[in-house]
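The values are calculated or read from the model by the stated rules, or taken from the named source; none is laboratory data. What you are looking at is a predicted structure, and each value in this text was computed from that prediction instead of being measured. Cβ placement follows ideal geometry from the backbone for every residue including glycine, while neighbour counts extend to all protein chains displayed. Heads up: the accessible areas ignore ligands, DNA and RNA and are worked out on the full protein's heavy atoms, side chains in. Shrake-Rupley method; radii C 1.70, N 1.55, O 1.52, S 1.80 Å.
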Amino acid sequence: MRRRAVALLMAALMTAGLAATGLTGCGDEGGGRESVRLMVWSPQGDQSKDAGEWLQTCCNAFAEEHPEYDITFVYGVADEASSAGQVSQDAEASADVFLYANDNLTTMTDADALVKFGGIYREEIEKTNSETSLASVMKDGEVYGVPFAINTWFMFYDKSVFTEEDVKNLDTMLEKGVVAFPFTNSWYLPAFYFGNGCTLFGDGTDAFKGADFGGEKAQEVTDYLIDLEANPNFRIDDLGSGLAGMRDGSINAMFSGSWDAVAVKEALGDNMGVAALPTYTLNGEEKQMYSYAGTKAVGVNAQSKNMLPAVQLAIFLGNEYSQRLHYELESVVPTHTALLDDPELLSDEVVAAINETFNNTSILQPNLAEMANCWTPVENMGKGIRNGSITHENSAEQTEMMNEMMNSDGI
């Protein structure tokens, strides 16, 4: 009944606002059903029988709620990372509706490959997402997708080693157990620099402000990281070594995302703990670590030949029913505000940790083309500290070099 009620509500909202959006159907004047062909892309897991065929189930439910259409669904496999490149390069040959990671938004908008959601559709997206979630699919004031999953990272830990109080501070943890961190991964390492006041493009939207990963505040972090890497209870998580260590007991905490939750649970059982990001102690002061955050979203191809049903399907794939089913079948953590207020979901410690991280200890990853220049310099910082070429003696020089490269072109 819950599924039916949600679907009917969505159908009613869509029907009520067609004239307002300028998107009107062109079905048979005699009242017949309009033949519609919709190509839909998603990752393989969303279509797997073993995982409950989330995509097919949702599309079939959509068709049931839209008897005005005689829909033929054509399913294709494309994960959220690769879909953006395919749609941008050849929109006409791509899916009508697809899933994408929001950090690829600029790639598609630069190619005029994404539909802007307006009217009742934009209103529906706005009222069912937090400000951060909504901002993740916006550019220049326009909304380009329907968020359906939170994408960020947090901390797993062994409850038999650390208490809930211990995991509030990284340095406290290192006194009691072994901690692994993806030190040479530039999606993770900025967390320490953000904690001491470094910024990217001002609030993340002003390309002219550039990267601010230089000066004394950044050098202090570099020096902290040099000491961190040398700590005997610290391990660099690389190529799955953190998870392997959790399995054999040589590592007691690691930083990752929901994609590793099942594996960590298998390794630790009832001792699996999950927490938002800790603080770290820099020059006697506690600094909060901040992860990159974003969303995965449903997008509509700007070249779609069936624009109205494609937009309606995108809204449906991001509605409460579809997001709840995604969570139940594949543990995909939703963005829908009704679900994130649901005590049942919040009782899941992974959902709770992701929600807390997303809302309190994360930085929305900028949707700017200039971000392309920020990855390699930070990665090289981590690698340089690991191999010993970056030391306390040259940390100031190396930090400024990182900052200069983040603000240059052509990396």
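Brief remarks on what is shown
- Per residue, the convex hull spanned by the Cα atoms of the chain measures out at 141 cubic angstrom.
- The chain - charge dipole about Cα centre, Lys and Arg +1 at Cβ, Asp and Glu -1, debye rounded to 20: 680 debye
- Straight-line reach from K383: taking Cα to Cα under 25 Å and skipping same-chain neighbours fewer than 8 places apart, the lysines in range are K217, K287.
- Restricting attention to the chain, close to 60% of DSSP beta bridges with both partner residues there are antiparallel.
- Across all directions, the average flat footprint of the convex hull enclosing the Cα atoms of the stretch 136-239 is 9.2 nm².
- Close amide H partners of A211, meaning residues 5 or more places away or on another chain with modelled amide H under 5 Å apart, are F201.
- Amide H partners (placed H, <5 Å) of V143, local residues excluded: F117
- Table column - 3J(HN,Hα) (Hz), the stretch 89-97, Karplus curve with 6.51, -1.76, 1.60, x for Gly and Pro: 7, 8, 4, 5, 9, 9, 5, 6, 10
- Taking the stretch 68-172 as the region of interest, the number of lysine pairs whose Cα atoms are within less than 21 Å, with members eight or more places apart or on different chains, is 4.
- Stokes-Einstein diffusion of the stretch 283-411 at 25 °C, 0.890 mPa s viscosity, Kirkwood radius from Cα pairs, rounded to a whole number: 132 µm²/s.
- When the solvent-accessible area of the chain is split by element, carbon and sulfur atoms take up 47 percent of it, the probe being 1.4 Å.
- Neighbour-limited loop hits for GluC sites (Glu not before Pro), the stretch 151-188 (at most 12 other Cβ within 10 Å; DSSP other than H, G, I, E, B): E164, E165
- Stretching R33 away from S160 to a fully extended chain increases their span by 39.6 nm, per 0.36 nm per residue minus the current alpha-carbon distance.
- Residues whose amide H lies under 5 Å from that of I71, counting only those 5 or more places away or on a different chain, are V36; hydrogens are built 1.01 Å from N in the peptide plane.
- Once both labels are positioned 7 Å from their Cα atoms along Cα-to-Cβ, the gap between N169 and D79 label points is 3.8 nm.
- Note on the chain: helix-only mean residue ellipticity at 222 nm, from DSSP H runs of 4+ residues weighted -39500 (n - 2.57) and normalised by residue number, equals -11500 deg cm²/dmol.
- Heavy-atom surface of the chain, accessible at 1.4 Å and reported per residue (Å²): 42 Å²
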